[in-house]
1. Which of the numbered conditions does residue 15 fail, given that it passes all the others? Conditions: (1) modelled with pLDDT of 95 or more; (2) among the aliphatic types (A, V, I, L, M); (3) within 17 Å of the chain's Cα centre (by Cα); (4) surrounded by fewer than 17 Cβ atoms within 10 Å (Cβ to Cβ).
2. Pick from 30, 21: which is part of a loop (DSSP other than H, G, I, E, B) and either more than 21 Å from residue 114 (Cβ to Cβ) or within 15 Å of the chain's Cα centre (by Cα) (or both)?
3. Looking at this structure, is residue 23 surrounded by fewer than 16 Cβ atoms within 10 Å (Cβ to Cβ), closer than 30 Å to residue 123 by Cα and in contact with a Ser or Thr (Cβ under 7 Å, 6 or more places away or on another chain)?
4. Determine whether segment 54-62 contains at least one residue that is surrounded by 13 or more Cβ atoms within 10 Å (Cβ to Cβ), hydrophobic (A, V, I, L, M, F, W, C), under 23 Å from residue 115 (Cβ atoms) and at pLDDT below 95.
5. From the list 125, 195, 133, 178, pick out the single residue that is at negative phi, in contact with an Asp or Glu (Cβ under 8 Å, 6 or more places away or on another chain) and not assigned by TED's automatic domain parsing to the domain that holds residue 88.
6. Can you list residue pairs whose Cβ atoms sit under 7 Å apart, with the first residue in segment 149-176 being closer than 25 Å to residue 123 by Cβ and the second being small (Gly, Ala, Ser)? Count only pairs 6 or more apart in sequence or on different chains.
7. Run down 70, 116 and say which single residue is acidic (Asp, Glu), crowded, with 16+ Cβ neighbours inside 10 Å and closer than 27 Å to residue 180 by Cα.
8. For a quick check of your reading: which helices (runs of 4 or more DSSP H) sit entirely within segment 68-187 and have at least 1 residues that are closer than 28 Å to residue 46 by Cα and out of contact with any strand residue (DSSP E or B) (no Cβ under 8 Å at 6 or more places or on another chain)?
Amino acid sequence: MQINSEIYSRANYLLKAIEISDKIFVTSKSMDKQIKVAFQALNDYSKCFIESALKKDKLTSYEVKSIENEFFNYWTNTINEDIEIFWEEIAKFDLPFQRKSVLRELLTKGRFRQVEQWIELYSNFQNIKDLGFLYRQFKKEELEELNNLIEKEEKNRFKIVNSCLQKKSIPFSQYLKFGESMAFLERCGLTSKYFTETEKEEIYKIWKSTK
């Protein structure tokens, strides 16, 4: 069965998006080697599948959509310089893919569901702002609100860990939030800002005894 023109066009647009991401992977400073290898493998598989299906003239709308969803998951939900470069390239080549901005969503809802996104935002916010990416997407007031939300999250994460330190215990109901808060403070380089070495040792001792 011959591929209809809409599916054919969509598949070729997706191949172009994959090509853009391949080039970004080569120069990326945000990705570690293992993640690069994993995503490169996904790109290679997706590209091979689409090109083979196009040659055989057998490709469905469902197959294209499935590959799109898998491919764009990273480029939609991650926060770093690579993501901004990717979407500017998508716009430059006038590809018909609409970005769902996690930062715009944060401004609307005031929260992230995953601590990983808070860590990425804290770690990369100043860099992508300094490089001008955010100034092309947000008003000054919106950037100030994003900064306020980051500061609020930092304070909340500290309060959760500090409360457990003062109580010398981690309530069962707080265990998950405690772990997420420790991940946030550690990976954002903030534990030394709030706690002495002795306090950090005590925190890990409490955490270990609770597991």
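1. It is condition (3) that residue 15 fails.
2. Values: 21 fails: part of a loop (DSSP other than H, G, I, E, B).
Just a single option satisfies the conditions, and that option is 30.
3. Values: surrounded by fewer than 16 Cβ atoms within 10 Å (Cβ to Cβ): yes; closer than 30 Å to residue 123 by Cα: yes; in contact with a Ser or Thr (Cβ under 7 Å, 6 or more places away or on another chain): no.
So residue 23 fails the test.
4. no
5. On the way: 125 fails: in contact with an Asp or Glu (Cβ under 8 Å, 6 or more places away or on another chain); 195 fails: in contact with an Asp or Glu (Cβ under 8 Å, 6 or more places away or on another chain); 178 fails: in contact with an Asp or Glu (Cβ under 8 Å, 6 or more places away or on another chain).
Only one candidate qualifies: 133.
6. Going by the 7 Å Cβ cut-off, the qualifying pairs are 149/110; 157/181; 160/181; 161/181.
7. Working: 70 fails: crowded, with 16+ Cβ neighbours inside 10 Å.
The match here is 116.
8. Where helices (runs of 4 or more DSSP H) fall fully within segment 68-187 and carry at least 1 residues being closer than 28 Å to residue 46 by Cα and out of contact with any strand residue (DSSP E or B) (no Cβ under 8 Å at 6 or more places or on another chain), they are 81-92, 102-109, 115-130.
The values are calculated or read from the model by the stated rules, or taken from the named source; none is laboratory data. Remember, it's a predicted structure, so these values are computed and weren't measured experimentally. Every residue, glycine among them, receives a Cβ derived from its backbone with ideal geometry; neighbour counts consider all protein chains shown.
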